[in-house]
Amino acid sequence: MTEENGDKLNPTLSSHEDESGPAHPGVLLIDDSEFIHSLLRNKLEHDPICLHSAMSAEEGIATAELIKPALILLDLSMPGMDGFQALRTLMNSTILTDTQVIVISASDDTEDKVAGLELGACDYVTKPFNLPELRARMRCALRVHELLSLLAERAQVDGLTGIGNRSCFDARIAEEISHRDRSGGDLTVAMCDIDLFKKVNDTFGHPAGDEVIRGIAKLFQQLLRKRDIACRYGGEEFAILLRDTNAKRAAPVLDRIRKQLERTRWPSHPEHMVTCSFGVCDIPSGDVNKPEDWVKTADEALYAAKRAGRNRIYIGSDSGMTSALKLAS
Ligand code: GH3
Ligand code: MG
Ligand code: MG
């Protein structure tokens, strides 16, 4: 194990985010009135929230996309873009899917209330505020946000192993490629498939097979660096993103896992060794190919490794053919 190993991989948290996370949920107040800002700053000072301010709809949208608040308190009547237009933009944003919006407006007009709620606000509060009521409604919206975030997180986790699932991997590879293209450095993708796994199921039963899948996921968690990302790609296949390393340097890391797997004794079948084959490839910087093209290249290398006899690692190249490399017997 390297010093960077350790804690269970968090499949959904982006490694580019602050892993300690914010202490309190972010609440963004978008209102053109300085009075409302100072009123709420004072009154909500001791509430367990992190209050941010924007004085216009335009500034509010930009801030929201930057800080992804749990809740937005949105004024309707503002010079320039009004609250309804802002609400439309916020609701269409692909990065603010869990953010809740409470409209705060001086208008008690039923039409405005209906329009705000129809556009996607979760609540509508009239000015002047009744503070305990606003607070209670904010708590309610924050609870909804928390549940939605939890659901989104769970949807990315594989039920059998607890590591990221296919949907998590698809999101992370796109994110890692664009982060790397901005910041530079190397990035490698690897595909891993358990060898002759059907035999494990057929001979020792499905629960024994499940135990192997769980055990291999655990090996990835223990032997990869914390910043690497291992996901269950499908039945008995795993996909791994190795950050800040190229395929040549990643291959020996994966080979350590391959060897450790050879040494593993399984409680349900101690005499039966389980092995894996790997296909690895670089994801070159600034490349025009799509993430799935690199998965395909790694997959082709994996199947070349299978054809060559399994339990080995092959490095694929973007030129199509696999530069076969078996690191150890
Ligand atoms: P190869 O070395 O060519 O990959 O052979 P293989 O036997 O591993 O490949 P094959 O595709 O024939 O079989 C894969 C098996 O994986 C069949 C399927 O039942 C099993 N499998 C897929 N998902 C699970 C799972 O969640 N649990 C268990 N126990 N088995 C699974
Ligand atoms: Mg297999
Ligand atoms: Mg397979």
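When every Cα-Cα distance of the range 166-328 is counted in 5 angstrom steps from zero, the calculated P(r) takes the values 2, 9, 20, 22, 20, 14, 8, 4, 2, 0 percent. Fraction of C-alpha pairs exceeding 26 angstrom in the range 26-155: 13 percent, rounded to a whole number. Separation of the alpha carbons by more than 25 angstrom is noted, of LYS259/LYS306; LYS68/LYS218; LYS198/LYS290; LYS43/LYS127, for LYS68/LYS218; LYS198/LYS290. Mean-square fluctuations from a GNM of the chain, with a 10 angstrom spring cutoff on Cα atoms, peak among ALA115, ALA308, ALA251 at ALA115.
In terms of overall dimensions, the chain has a Cα radius of gyration and Dmax of 25.2, 76 angstrom. Ordering ILE177, LEU74, VAL114 by the projection of their Cα atoms onto the charge dipole of the chain, which places +1 on the Cβ of Lys and Arg and -1 on the Cβ of Asp and Glu, puts ILE177 at the extreme positive end.
Extending 7 Å from the Cα toward the beta-carbon at both LYS290 and ALA152 defines two label points whose distance is 2.3 nm. Legend: ranking of residues ARG258, ARG312 from fewest to most surrounding C-beta atoms inside 10 Å; resulting order ARG258, ARG312. Between the range 202-258 and the range 96-113, the C-alpha centres lie 47 angstrom from each other. By other beta-carbon atoms within 10 Å, ranking TYR303, TYR314, TYR124 with the fewest at the front produces TYR303, TYR124, TYR314. If a spin label sat at a point 7 angstrom from the Cα of MET81 along the line to its beta carbon, the backbone N atoms of the range 111-130 nearer than 19 Å would be those of 116-122.
Label separation (ASN42 vs ARG143): 3.0 nm, computed from points 7 Å beyond Cα along the C-beta direction. Across the range 199-329, the mean sequence separation of Cα contacts (distance under 8 Å, 6 or more residues apart), normalised by length, yields a relative contact order of 18 percent. Listed by Cβ neighbour count within 10 Å, with the fewest neighbours leading, TRP294, TRP266 appear as TRP266, TRP294.
We did not get these values from a lab; they are worked out from the coordinates using the rules stated. Since we're looking at a predicted model, the values are computed, not measured. Backbone-built Cβ (ideal geometry, glycine too); neighbour counts: all protein chains shown.
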